[in-house]
Every structure is written in C-alpha cells, then in structure tokens.
Amino acid sequence: MNGTRRTYFDLIRIAACFLVIVVHVSSVPATACPVDTFDYQAGVAYNTLAIVSPALFFMLSGALFLHPASGKVTLKQIWGKYILRLTVAYIFWSNLFTFVAWAPYYTFSWGTVKLFVKEFFTGTPMYHLWFIPAIVAIYMVLPLLQAAFAERRNCRYYLLLFLVVQVLLPTLQKLELPNFNMLLQPYSRIPFFLCMGNVGYFVLGYYLSTEAFTRRARRAVYILGVAGTVAAVGMEEYISVRQNMQTAIFSDLFSLNTLLLACAVFVGARYAPWRLDRAAVPLEKLSRLTFGIYLVHPLFINIMADRCAFLDEINVILRIPIAAAAIFLCSAAVAWCISKIPVVGKYIA
C-alpha cells in the first residue's frame, strides 16, 4: 500500500472527515426549522454540499486497494487486518454510545448488561456508524473486485452502469416528473442494488486516480461539480418551499449532483496547482487521525448542543463551519490520545 500513497489522498481524507461533521451539524437546521426560514435554507445548502463526504471515503479506499501498485490483497490481510480493526471499532463504539445514551437511566447490574447486549444486536446503531458495515461488505469481495477491474474496459463499463442506474435514473425518479416514473417501471423491477451501491464510488475512486485528464477535461469536471451543486441547492430549497415540506432529493449520496461534486473534489485535489510536499508530513499525521475523529465526533456534537447555547446567537452561515471546526479539533485531540494507548489504540481510533 505504501507505493500508492499520495499526499492528495491525505488532503481528501481530511476534507471528507470535516465534511462528515458539517453534515451532522447542518442536519439540525435542515430538519428542525420551518422550510421558509433562512436557517433551514442554510442548513440545506451545507448539507447538500457536505453529503459528498461518504462518497470521497469510498473513492479513497478504491483508489488505494484497486490500484495495480497495491498488489493482490490476501484473504488473511483482508480479514486479519482490515475487517478485524473495523469490527473491533464498531463493537467498541456502538456499546460506548449505547452506554452514554442509557447510563443516566439505569444503575449497573446484570440486567443492565443484558439490556446493553440486546440493544447492540437489535437496536439502531449511532447514526454515523453505518459506514463501517458498508465498507466491510466491500472488503469482503475485494479480491473479486481486483480481478474484475484489472481491465480498464470493465471499469468504464461498470461506471457507465453506475451512472445510469444508480445515479441518473433515481435522481430523475425523485423529481416525480409527469409520466416519467411510469416509463421507469421496468427499470425499478431489476434489483440493481445487488451489484451497484457504494461499490460504484469505490471503483470511481480508482478510475479517477489513474486516468489522465487534459486541462480541458479537468475544467469540465470542475464546472459540472460547481454547477451541479449550486443547481441542487436551489432546486432543493425551491421544491421544499413549494411543497411546504422538507425534501432530501439532492441531499443524497447517490444524487447526480453528489457524484459530480465528488469527481470535481477528487480530480481537483489530484491536479492541485499548489505543491503539498512541505505539508506532506503534517497532512499524513492528521490523516491518520481521521478514523478516530469520525468515530468520536458525535460525543462532541452532543456536548456542544447541551452546553454551547451561545452559538445560537451567531449567524447560521458562520455557526455551522465554526461548530464543525471546533468539533473536529476536539475530536482530533481525543483520537490522538486514544491512538497512543498500547495495542488497543490502533483498533479503536
């Protein structure tokens, strides 16, 4: 894996981690405020922009694991290194968040322990932990993906299918255009989810990290990414006000605007005009903390919601990034401390 490390990977990972926090911070005004308020509109704008973060994480994994220089990953490495670490982290943090949620209402007893165990297996996990089972599922079939996409032709064919059946058609379907959904009935009967989903972004990351882009092609990618995001924000807010209800048509991982923005961010970081050589070491160190930041940040979101009421006095345009930055830094400090714990640290942060 070391042979495929790029500084821009670290930059994307850090940005994606920060945007995850922005998603969760902006979801408050985007879901709790009336649709005709400025706070709701700002929350939707930030949410639509930042929802690209999971896509970037999947793309980074694909760029690393599917790259020819990475070599074939053995089943022992997949299960004994990657899946094991993710599973341990998932179990630990799921139980920790369950404990934090239920601790004020129960005393320590055998009955409470059984309740925690039941909650882990049957309850709904903390909202941000969905990503771990999703990436584990991809790792399980990683040898098959490496073999399938060794040829560029297969990669392009799959990405075309992903664009049409996972992104473009579902986005149009959500718009509820007159008579259009009727034409999509044959499409909706095919269970494309069995072969699409997050794997599409996984493969896309590999493709964008290895394909050569001319200056004109890069400019087109950037324009589409920016224009798609602006159009999505405008349409999302317009539809919400017109229907007088919250919508999530474009604040979705598989919306067309999210795909276009993910491509623009990835290609933009890869071909960034500034040199990152001097920042390579600090970026790498911060990048290594992003998994821990992702795991721990909801604790600080709860703390800030309970004890930082003064933030409500700040304009929402500034409040969301300020709160996200504070949560990011606090989570990074905790992740760094956890990473220093012998043996255990590398599995839970």
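We did not get these values from a lab; they are worked out from the coordinates using the rules stated. In this text the structure is predicted, and so the values were computed from the model without any measurement. Cβ coordinates were reconstructed from backbone atoms using ideal geometry, including for glycine residues, and neighbour counts include every protein chain displayed.
In deg cm²/dmol, rounded to 500, what helix-only [θ] at 222 nm does the chain give when every DSSP H run of at least 4 residues adds -39500 (n - 2.57) and the total is split over its residues?
Computed ellipticity for the chain at 222 nm equals -21500 deg cm²/dmol.
Which residue, L329, L144, L161, has the most motion in a Gaussian network model of the chain that connects Cα atoms within less than 10 Å?
L144
So if I take the centroid of the Cα atoms in region 242-298 and the same for region 23-51, what is the distance between those two points in Å?
Using only Cα atoms, the two centres lie 18 Å from each other.
Relative to the present Cα-Cα distance, how much length would full extension add between K76 and A326 at 0.36 nm per residue of separation?
86.1 nm is the gain from fully extending K76 to A326.
How do W79, W336, W93 rank when sorted from fewest to most other Cβ atoms within 10 Å of their own Cβ?
By the 10 Å Cβ count, ascending, the order reads W79, W336, W93.
Can you check how the C-alpha radius of gyration of the chain compares to 2.2 N^0.38 Å, as a plain ratio?
Against the empirical 2.2 N^0.38 Å value, I get 1.03 for the chain.
Pull up the cross-link candidates among the lysines for K81, meaning alpha carbon to alpha carbon under 16 Å and not fewer than 8 places away within one chain.
Here the lysines satisfying the reach criterion relative to K81 are K72, K346.
Please compute the modelled spin-label separation between A148 and F213, points set 7 Å along Cα→Cβ, answer in nm with one decimal.
If labels sit at F213 and A148, their model points lie 2.4 nm apart.
Hey, in the GNM for the chain with a 10 angstrom Cα cutoff, which one of Q77, Q41, Q166 fluctuates hardest?
Sorting by GNM fluctuation, first place goes to Q77.
Using r as the Cβ-Cβ distance of F92 and I317, and R0 as 45 Å, what FRET efficiency do you calculate, to the nearest 0.05?
0.80
Report, in order of residue number, the helices in the chain meeting two criteria: a C-alpha extent of 20 Å or more along the helix axis, and a mean Kyte-Doolittle hydropathy of at least 0.0; treat each whole DSSP H run as one helix.
The answer, listed by residue number, is 7-32, 84-102, 215-243, 256-270, 290-307, 316-339.
Please work out the ratio of the alpha-carbon Rg of region 288-349 to 2.2 N^0.38 Å and round it to two decimals.
Working: Rg = 13.4 Å, N = 62, 2.2 N^0.38 = 10.6 Å.
Taking the Cα Rg and dividing by 2.2 N^0.38 Å, one obtains 1.27.
Connecting C-alpha atoms closer than 10 Å in a GNM of the chain, tell me which of L175, L259, L224 has the biggest fluctuation.
The residue with the greatest mean-square fluctuation here is L175.
How far, in nm, would the chain grow between A220 and V100 when pulled straight, counting 0.36 nm per residue and subtracting the alpha carbon separation?
Answer, rounded to one decimal: 38.5 nm.
Points 7 angstrom from Cα along the Cβ direction at T112 and V281: gap in nanometres?
4.7
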